Amino acid sequence: MSSSNVGVPVKLLFEAEGMKVTVELKNGEIFRGLLLSAEETMNLSLKDVLRTARNGQIKKLPTVYLRGSSIRFIALPELLKNAPVFQKVTTMKRKAEEMRLQKQQTNKKRKR
């Protein structure tokens, strides 16, 4: 897994490995379990899974493999809001805002 060329959502999935996640599929099924592994394509392996069917029926499954293209939504643990990948994004946003403000100041001086 070469995480250098992947975006923030996939990096966050990699950070969530070993944590409980909830995954909703496009067909309405919901899976909650321990994330064993995630791939760059967002394919996921879960263990100790509770599957909730569209009709509400719940079934325990030892493991599941979910295809990334069938996933509608992934709920990650709140703990990940402090993940290093978010700190990098926050730093980049702050630098971009500073550059934007400097450019505005420069443009104001030129107009005078």
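The values are calculated or read from the model by the stated rules, or taken from the named source; none is laboratory data. Keep in mind the model is a prediction, meaning the values are calculated, not measured. FYI the Cβ positions are ideal-geometry reconstructions off the backbone, even for glycines, and counts take in every protein chain you see.
Consider region 39-83. How many of its residues are among the basic types (Lys, Arg), within 16 Å of LYS26 (Cβ to Cβ) and assigned to a strand (DSSP E or B)?
2
Look at PHE73 and say whether it is out of contact with any helix residue (DSSP H, G or I) (no Cβ under 7 Å at 6 or more places or on another chain) and modelled with pLDDT under 95.
Against the criterion (out of contact with any helix residue (DSSP H, G or I) (no Cβ under 7 Å at 6 or more places or on another chain) and modelled with pLDDT under 95), PHE73 qualifies.
Does THR41 meet the test of being surrounded by 15 or more Cβ atoms within 10 Å (Cβ to Cβ) and among the polar types (S, T, N, Q)?
So THR41 does not fit the description; no.
Please work out which residue is modelled with the highest pLDDT, limiting yourself to region 9-37 and to residues that are small (Gly, Ala, Ser) and closer than 13 Å to VAL64 by Cβ.
Restricting to residues being small (Gly, Ala, Ser) and closer than 13 Å to VAL64 by Cβ, the top hit is GLY33.
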